[in-house]
1. Given GLU55, GLU102, GLU61, which one is among the acidic types (Asp, Glu) and either closer than 15 Å to GLU8 by Cβ or in a strand (DSSP E or B) (or both)?
2. Only one residue in VAL19, VAL86 is outside any strand (DSSP E or B) and without any contact (Cβ under 8 Å) to a residue 24 or more places away in the chain. Which one?
3. Out of the residues in the range 77-101 meeting the condition of being surrounded by 13 or more Cβ atoms within 10 Å (Cβ to Cβ) and hydroxyl-bearing (Ser, Thr, Tyr), tell me which one is farthest from VAL114 (Cα to Cα).
4. Might you let me know whether the range 42-53 holds any residue that is of a type outside the set (D, E, K, R), on the phi > 0 side of the Ramachandran plot and modelled with pLDDT of 95 or more?
5. Scan the range 93-104 for residues that are without any contact (Cβ under 8 Å) to a residue 60 or more places away in the chain and over 13 Å from the mean Cα position of the chain (by Cα) and jot them down.
6. Within the range 22-34, which residues are in contact with a Lys or Arg (Cβ under 7 Å, 6 or more places away or on another chain) and touching a residue at least 24 places away in the same chain (Cβ under 8 Å)?
7. Of all residues being more than 11 Å from LEU54 (Cα to Cα) and in a loop (DSSP other than H, G, I, E, B) in the range 22-40, which is nearest to the chain's Cα centre (by Cα)? Just the residue, please.
Amino acid sequence: MVLELITECIVNRIEKLLVPQVYRVHASCREGFDTTIEVHEKLMNIREDDKIKLEITESKESCLQHYFCGKAYVVSTTMIENRYRVVLSIGGLLVVLKNLHEPPQFNVLSELYVGITRVA
């Protein structure tokens, strides 16, 4: 069984970070949770109001179908006010899933792939 999360999200806001050429994408996803994704400008250009497809999976082959695919590790899973949060790291760039209604199916230190594609 391949563990995966596939969703579409709408970008609400772009936040420039202190690290040169790195920005943080704030997005609301179809399943009712929020995500923040740190992206380097040379990897991918995402703008406010863009729709993105986000896939978090154990399958490298599935991830490689996206415009961007990065190997990630689960850094933490926590419960805050009866909602779950998962933090993943792609070589130091963080992907955070917030306000998940269900317990995450990913364990700390799990090796996963994060795929992102802008949807027209």
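The values are calculated or read from the model by the stated rules, or taken from the named source; none is laboratory data. If you're wondering where the values come from, they're calculated on a predicted model, not measured in any experiment. A quick note on method: Cβ atoms are made from the backbone with ideal geometry, for glycine too, and the neighbour counts reach across all protein chains shown.
1. So the residue among GLU55, GLU102, GLU61 that is among the acidic types (Asp, Glu) and either closer than 15 Å to GLU8 by Cβ or in a strand (DSSP E or B) (or both) is GLU55.
2. VAL19
3. TYR84
4. Within the range 42-53, the subset of a type outside the set (D, E, K, R) is 43-46, 52.
Then keep just the ones that are on the phi > 0 side of the Ramachandran plot; that gives none.
No: zero hits.
5. GLU102, PRO103, PRO104
6. Listed by number, the residues that qualify are PHE33, ASP34.
7. Of everything passing the filter in the range 22-40, PHE33 is nearest to the chain's Cα centre (by Cα).
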